[in-house]
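What follows is one structure encoded as structure tokens, with my remarks underneath.
The values are calculated or read from the model by the stated rules, or taken from the named source; none is laboratory data. The structure displayed is predicted, hence computed values, not measured ones. Cβ placement follows ideal geometry from the backbone for every residue including glycine, while neighbour counts extend to all protein chains displayed. Ligands, DNA and RNA are excluded from the accessible area calculation, which covers all protein heavy atoms including side chains. Shrake-Rupley method; radii C 1.70, N 1.55, O 1.52, S 1.80 Å.
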Amino acid sequence: MLNTIIRFSLRHRLLIAAIAVLIVGYGTYIAKTLPIDVFPDLNRPRVTVMTEAGGMAPEEVEAMITIPIESVMNGAMGVQTVRSASGVGMSIVTVEFDWGTDIYIARQTANERLALAAERIPSNLSPQLTPISSIMGQILMIGIRSETGETSPMELRTLADWVVTPRIQKIAGISQVMQIGGERKQFQVLINPASMLTYGVTLAEIESVLEQSDSSVTGGYIDSLGPNEYLVRGLGRIQNISDLQKLVVTIRDGRAVLLEQVATVSEGAQIKRGDASVFVRKYTDEQKDHHEIEESPSKSLSSSGNESVSPEEKANPLFVGGPAVVLNLTKQPGADTRLLTEQVKVALVELQPSLPKDVRIDTDLYQQKTFIDLAINNVMEALRDGGILVAVVLFLFLLNFRTTLITLTAIPISVLITALVFHYFGLSINTMTLGGIAVAIGELVDDAIVDVENIFRRLRENDQKGNSEPALRVIFHASCEIRNSIVFSTMIIVIVFIPLFALSGMEGRFFVPLGIAYMVSIASSLLVSLTVTPVLSYWLLPRSKAIQRKHEGFLLSGLQWIAAKIIRFSLRLPKTILLIAGTGAVIAIVAISQLEQDFLPPFDEGVAQLNVMLPPGTSLARSKEVAELVEARLQEIDGVRTISLERDARRWMNM
């Protein structure tokens, strides 16, 4: 079969070349469009049930909400673990399912179980399922702040809730936008007990009026006024404070008692359970040159464009910022983080002109895209350096440009075939798959170099014969000579990686893509050596002047001489050699057992997260004091560019 493939390739050389060119062109296009992420898909099917219970203590939340939901979730089809957290007015239950469970089936199962728990939890509470998100879902943190203080924290939060967030949520792939900080605007009705007694109004009457006031009612339609019909509506929506003030609470002695007579109606901020602030280092002109700051949408967006620096700031570089609204963006599973980040930044650029001039949007607080780019660039550098080293070594050994070129073609074609396989099976490019290719980069040329070297040697021997054979026949027989050895060695290498596929859980999800990338690239190099390598050898080698050279290169000859000496020495002292090898193996095993063990290597995202744990029940004011101390200390550290502080942040709530 293998000989048939080689024969077919040599007989249809133009077809093989055309297919190779097509693979290079189409594979390059596919490789550029493949989704790129930092890690493989590590998303275990997970459903989070959230229940808000305002005013309840943690003990009440645990007994009345969390335990009933946990009990119905345990034992559901496919459920592996159930975890929970109960806090002040909040219950969170996380349900994890088996690997491979469809997330929508998991959510349906959780919804069915919640129906069973409805009888056991207070009737005025409504458990909700949070949106589907990825385990590596937090892709971006955005800070919205006022540079001059003209825009109040309440206005900032209103802009974040009603302008910025809806625009971001329109982008396909965004799972959730969680806001923290600022002041959420409310219409507040402050009851006056003395006025209530004067007018004989009860609290229940005021509550009833407020609940029923903000609504419109329908009165049917009229179709007797011409060819068109007209809807009849009673408009009762509250538009402003004046509408609330004029609400009729009750009728006393034939006169209406208005809400403003028994209460004070005003605009105010919702009681805070969390807060946030953003500080950005303001560099002088000289520091900008040293830090190479780029003015782009990935940094900060401002419509004012005012970057003047005062003399005091030039002498003492400082951080600018203050109270802000921080948006945490999470993506849906499978979404391309880099593409999604760029789309968000473009959307913010388009949105900036509609915001007040003093409002600044900082997008560089945290970007997972930066970490992905760093990781991908590191692996790409390894691939580049590996390819250069392979080319140098090949040329030094073969001392022939044509044989080196033929051998090196196996690397790009094999890598691009791997990209096509990834595209077909819906896999993504990440540090693990690129790592598998980087490990295989030196072995991708193994099959081709063995084939080319044997073809080169047989062509040289044929040239030295008096009655030489046709070059096509020589190349065919030379490829067939070593084909079995190449195939067997490739199969052994592939078999070594098969145990990776027996890994389960998180380890399997993490390391299997590495094995797939390695095995596919090695198999692709075997295919290239069976087809493209013989064809290129026929086109380039028979007319090469190096064929007429009678001796090997100086480097190869020297290494052959050294190898012969070492082999003779080893054969004279076999027991000693085996004893040394066994001792070395034992020492290596002991050394490996003493090494530190980590599931993942250390990563540098350029972002440090500092968590300050305070005693339970610490007030927001005290949290703010501690945060200010931490913020002041962080500003003294050279190299810190941005600081985002979240105080008493309960991110699961829409604070």
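A cut-off of 5 Å between modelled amide H atoms, ignoring neighbours fewer than 5 places along the same chain, links Leu258 with Val249.
How large is the convex hull of the C-alpha atoms of segment 454-504 per residue, in Å³?
On the way: hull volume 3.4 nm³, N = 51.
Given the Cα convex hull of segment 454-504, per-residue volume reads 66 Å³.
Pairs from the list Lys246/Lys624; Lys282/Lys369; Lys282/Lys345; Lys272/Lys331; Lys32/Lys331 with a Cα-Cα gap above 29 Å: Lys246/Lys624.
Rounded if a/c is under 1.5, else prolate if a/b beats b/c, else oblate: with a ≥ b ≥ c from the C-alpha gyration tensor eigenvalues square-rooted, which is segment 430-575?
Numbers: a/c = 2.74, a/b = 1.58, b/c = 1.73.
Oblate is the answer for segment 430-575, as a/c is 1.5 or above yet b/c matches or exceeds a/b.
Ranking Glu453, Glu52 by solvent-accessible area of protein heavy atoms (1.4 Å probe, all protein chains present), from largest to smallest, gives Glu52, Glu453.
The phi-based Karplus calculation (6.51 cos²θ - 1.76 cosθ + 1.60; θ = phi - 60°) puts the 3J(HN,Hα) values of segment 259-265 at 4, 5, 7, 10, 7, 9, 9 Hz, whole numbers, x for Gly and Pro. Packing around the peptides 243-252, 364-373, taken as the average count of other Cβ atoms within 10 Å per residue, puts them in this order, highest first: 364-373, 243-252.
Tally Lys and Arg at +1 and Asp and Glu at -1 over the other residues with C-beta under 14 Å from the C-beta of Val494: what net charge comes out? Could you put the intermediate results ahead of the total?
Working: positive: none; negative: Glu443, Asp446, Asp447.
Here the count lands on -3.
Axis of helix 103-117 versus longest Cα principal axis of the chain: the two differ by about 30°, to the nearest ten degrees. For segment 139-191, the list of GluC sites (Glu not before Pro) that fall in a loop by DSSP and count at most 15 other C-beta atoms within 10 angstrom reads Glu150. Between helix 620-635 and the chain, what is the angle of the helix's C-alpha long axis to the longest principal axis, kept within 0 to 90° and rounded to the nearest 10? Helix 620-635 sits roughly 40 degrees off the main axis of the chain. Averaged over its residues, the chain has an accessible area of 56 Å² per residue, based on protein heavy atoms and a 1.4 Å probe. Bridgeable lysines around Lys545 (alpha carbons under 29 Å apart, same-chain partners fewer than 8 residues away excluded): Lys465. Separation of segment 1-61 from segment 326-342 is 18 Å, based on Cα centroids. With contributions of -39500 (n - 2.57) from each DSSP H run of at least four residues, the per-residue ellipticity at 222 nm computed over the chain stands at -16000 deg cm²/dmol. Report the percentage of all Cα-Cα pairs in segment 1-128 whose separation exceeds 21 Å, rounded to a whole percent. In whole percent, the long-distance tail amounts to 59. By how many degrees, between 0 and 90 and to the nearest 10, does the Cα long axis of helix 574-594 differ from the longest principal axis of the chain? So the helix axis and the longest Cα principal axis differ by about 10 degrees. Close amide-amide hydrogen proximity is noted between Gln80 and Glu96, Phe97, Asp98, each under 5 Å apart and 5 or more residues distant or on a separate chain (H modeled in the peptide plane; Pro and chain starts excluded).
Compactness ratio of segment 352-418: Cα Rg over 2.2 N^0.38 Å, N = residue count?
Segment 352-418 yields a ratio of 2.03.
Bin width 10 Å, alpha-carbon pairs only: give the P(r) of the chain as whole percents, running from 0 to the bin holding the largest distance. Pairs per bin, as whole percents: 3, 10, 16, 18, 16, 13, 10, 7, 4, 2, 1, 0, 0, 0. The radius of gyration of the Cα set in segment 133-241, together with its Dmax, comes out at 22.2, 61 angstrom. Charge tally for Leu125 (other residues, Cβ to Cβ under 13 Å; Lys, Arg +1; Asp, Glu -1): -2. Computed over neighbours whose Cβ is under 12 Å from that of Cys480, the net charge equals +2, Lys and Arg +1, Asp and Glu -1. For segment 369-503, what does the alpha-carbon gyration tensor say about shape, rounded, prolate or oblate, given a ≥ b ≥ c as the root eigenvalues, a/c under 1.5 as rounded, and a/b over b/c as prolate? Prolate shape, in that a/c is at least 1.5 and a/b is the bigger ratio.
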